[in-house]
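Q: To start, I am sharing the structure in question, which I have written as structure tokens.
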Amino acid sequence: MRVVNLCSTLRQGEPYARSFIAQVEALSQRGWRLGTVTLVCDGDRLVDPHLATYAQRCTSARVIFEAEAEAPSGSMARKAAQWASIGNQALQSALDSPCTHVLYVEADLCFPFDLVDQLLAREADIVAPLVFLG
């Protein structure tokens, strides 16, 4: 059985947090099962009520709080360092748990319920979904 660990970064308090959680819970699991769900969040504790409820309800959910970046405040270098750091934290946590596949998906995107089925059907080492920007 294929096991897919999902990881993402999530800004607490953003309007997409609730829809992202709903999309994860609605994923079709034909021929695979969801392993861990790793979310790297801003802040040092859970403040979003939907995220807190999800973390309590889903025993395989891991919430990690992002570390502070060392670059100067407000600079593009600081933002790039933070994005890379939290993305790496999410990916490393997903890889640290037993799985056959890892899906990294941005929390502010909308994706179909059969996204994982579509990606696994490609049978390639690295795949990415089409992303349509508004």
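The values are calculated or read from the model by the stated rules, or taken from the named source; none is laboratory data. Given the structure is predicted, the values throughout are model-derived calculations rather than measurements. Neighbour counts are summed over all protein chains in view; Cβ atoms, including those assigned to glycine, are modelled from backbone coordinates with ideal geometry. Calculation scope for accessible area: heavy atoms of the full protein, side chains included, ligands and nucleic acids excluded. Shrake-Rupley method; radii C 1.70, N 1.55, O 1.52, S 1.80 Å.
Q: Please give, to one decimal in nm, the separation of the simple spin-label points placed at Glu106 and Arg11, each 7 Å out from Cα toward the Cβ.
A: Output for this residue pair reads 1.2 nm.
Q: Run the simple label-point estimate for Leu95 and Arg45 please: 7 Å along Cα→C-beta, distance reported in nm.
A: The modelled label-to-label distance comes out at 3.3 nm.
Q: Evaluate the relative contact order of the range 7-107 (contact order divided by residue number), counting alpha-carbon pairs under 8 angstrom at least 6 apart; express in whole percent.
A: Working: 121 pairs, mean separation 39.0, N = 101.
Computed value for the range 7-107: 39 percent relative contact order.
Q: Here's another thing I want to ask about it. Just need log10 I(q)/I(0) for the chain at q = 0.14, 0.19 Å⁻¹, Debye formula, equal scatterers on the alpha-carbon atoms, no solvent, rounded to two decimals.
A: Debye intensities relative to I(0), on a log10 scale: -0.65, -1.17.
Q: Related question: In debye to the nearest 20, how big a dipole does the chain give about its Cα centre with +1 on each Lys and Arg Cβ and -1 on each Asp and Glu Cβ?
A: Details: 11 positive and 15 negative charges, 53 e Å.
Dipole of the chain, to the nearest 20 debye: 260 debye.
Q: Next question, about the same structure. Which order do you get for Phe111, Phe20 if you rank them by accessible area with a 1.4 Å probe, largest at the top? Don't skip to the answer; put the middle values down first.
A: Numbers: Phe111 30, Phe20 0 Å².
So, going from the largest accessible area down, we get Phe111, Phe20.
Q: If Lys and Arg each add +1 and Asp and Glu each add -1, what is the summed charge of the other residues whose beta carbon sits under 15 Å from the beta carbon of Glu14? Intermediate results must be reported in sequence, preceding the final value.
A: Details: positive: Arg11, Arg18; negative: Asp42, Asp48, Glu66, Glu106, Asp108.
Value of the local net charge: -3.
Q: Separation between the Ala124 and Cys58 pseudo-spin-labels, each 7 Å from Cα along Cα→Cβ, expressed in nm?
A: Once both label points are built, they end up 2.6 nm from each other.
Q: May I ask you to derive the relative contact order of the range 24-64, considering only C-alpha pairs under 8 Å and at least 6 residues apart, and to give it as an integer percent?
A: On the way: 24 pairs, mean separation 20.4, N = 41.
Once normalised by length, the contact order is 50 percent.
Q: Okay, moving on. At 27 Å minimum axial length over the Cα atoms and a Kyte-Doolittle cut of -0.5, report the qualifying DSSP H helices in the chain, or say none. Before the final figure, lay out the partial values.
A: On the way: long enough: 76-95 (28 Å, -0.03).
Membrane-span-like by this rule: 76-95.
Q: Full-extension gain between Glu25 and Phe113, please, as 0.36 nm times their residue separation minus the C-alpha to C-alpha distance.
A: Values: separation 88, 0.36 × 88 = 31.68 nm, distance 0.91 nm.
Between Glu25 and Phe113, full extension yields an extra 30.8 nm.
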